[in-house]
Amino acid sequence: MTESRVPRRRRFVVCEPRHFAVQYAINPWMSTGRPVDVIRALDQWQALVDTYRAHGHTVDTVAPVPGLPDMVFAANCAVVVGGRVFGSLFHAPERRPESVPFEAWFKTEGFEVHHPESVCEGEGDLVPAGRWILAGTGFRTTRDAHREVQEFFGVPVISLTLVDPYFYHLDTALFVLDDGTDAEAPGAGGGNIAYYPGAFSPGSREVLERLYPDAVLATREDALAFGLNSVSDGRHVYIAPAARGLAEQLDGRGYVPVPVDLSEFHKAGGGIKCCTQEIRETRS
Ligand code: ARG
């Protein structure tokens, strides 16, 4: 099975953590009393970028803005499907200004950006999964935004309710292993995913069980290690090294775990996926 997993080259957008800090607390991971080591953060972030490039992926960068310490979490600025950009409207007033520099970047790259009417935190809560988009709500992105996303892309949006404040964004509790477009993927429509069931309401758990009977289920321990805040290219899974159990399960399913330590960013409630925005030029 291992040989059948074929990576697809991705285009990512990231933002250097030059101004990274924990200056406010908007999720349970953040504590303003706990200092952040910016040099260490820069090193860890650079290692992630280097790893993506070494695996053949394209990585573009958006210039960081002083006074916006969470800008490194580029995933939150938008969701891009079929070359169309659905922008962000952050829940926390502290993060609202981040939408502006990201939008400016998309425009210089030739993309139009749709402004959401309701609170919406990009790929943090909106996870394109082949023929549909999985969408989280409960802490940040609203159900109204889910409707707006469906209308904008014309792609079915499946709303999932998050119930555990430690997993306040969908991308902390679930990630796409393959999106059904990757070679040899059986492709039930939405590919396959890994997730932590305890992060979801009972009804949403049932939805995930119906859509993904073959999903990889993570333990709370691996989820708390940011194991589900991972990026998969269809073969390699860029994953937090502390999520050992999950990495073993992935290995057993023919994926190749590629450990990348972003522990300095866990202090702000973020990890690998949070730092990675994906530009999807095509619509599957
Ligand atoms: N401190 C940031 C916040 O709470 C972390 C964002 C993490 N991003 C993500 N895609 N989960 O908004």
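The values are calculated or read from the model by the stated rules, or taken from the named source; none is laboratory data. The shown structure was predicted, so the numbers you read here are calculated from the model rather than taken from an experiment. Note: ideal-geometry Cβ built from the backbone for every residue, glycine included; neighbour counts use all protein chains shown. All accessible areas refer to the heavy atoms of the entire protein, side chains included, with ligands and DNA or RNA removed. Shrake-Rupley method; radii C 1.70, N 1.55, O 1.52, S 1.80 Å.
Pick out the one residue from F86, F102 that is within 16 Å of the ligand (Cβ to nearest atom), over 14 Å from the mean Cα position of the chain (by Cα), open to solvent by less than 10 Å² (accessible area, probe 1.4 Å) and more than 26 Å from V260 (Cβ to Cβ).
F86
Working only within region 102-127, note down all residues that are of a type in the set (D, E, K, R) and part of a loop (DSSP other than H, G, I, E, B).
Within region 102-127, E109, E112, E117, E121, D125 meet the criteria.
Looking for whichever is over 30 Å from V256 (Cβ atoms) and either away from the ligand (no atom under 14 Å from the Cβ) or open to solvent by 50 Å² or more (accessible area, probe 1.4 Å) (or both) here; the options are T32, T58. Which one fits?
T32
Filtering region 112-127 down to residues that are under 14 Å from the mean Cα position of the chain (by Cα) and of a type in the set (A, V, I, L, M, F, W, C), which residue is surrounded by the most Cβ atoms within 10 Å (Cβ to Cβ)?
Applying the filter and picking the extreme gives C120.
Could you list, in sequence order, all residues of region 147-181 that are open to solvent by less than 40 Å² (accessible area, probe 1.4 Å) and charged (D, E, K, R)?
E148, D164, D171, D178, D179
Identify, by number, the condition in (1) open to solvent by 60 Å² or more (accessible area, probe 1.4 Å); (2) touching a Gly at 6+ places or on another chain (Cβ under 7 Å); (3) within 15 Å of the ligand (Cβ to nearest atom) that H91 doesn't meet.
Failing condition for H91: (2).
Based on what the data block shows, is V260 touching a strand residue (DSSP E or B) at 6+ places or on another chain (Cβ under 7 Å), modelled with pLDDT of 95 or more and more than 14 Å from the ligand (Cβ to nearest atom)?
Yes, satisfied.
From the list V14, V22, which one is open to solvent by less than 50 Å² (accessible area, probe 1.4 Å), within 13 Å of the ligand (Cβ to nearest atom) and not in a loop (DSSP other than H, G, I, E, B)?
Selected residue: V14, the only one of V14, V22 that is open to solvent by less than 50 Å² (accessible area, probe 1.4 Å), within 13 Å of the ligand (Cβ to nearest atom) and not in a loop (DSSP other than H, G, I, E, B).
Can you tell me which residue among A218, A240 is within 16 Å of the ligand (Cβ to nearest atom) and farther than 21 Å from Q44 by Cβ?
The conditions single out A218.
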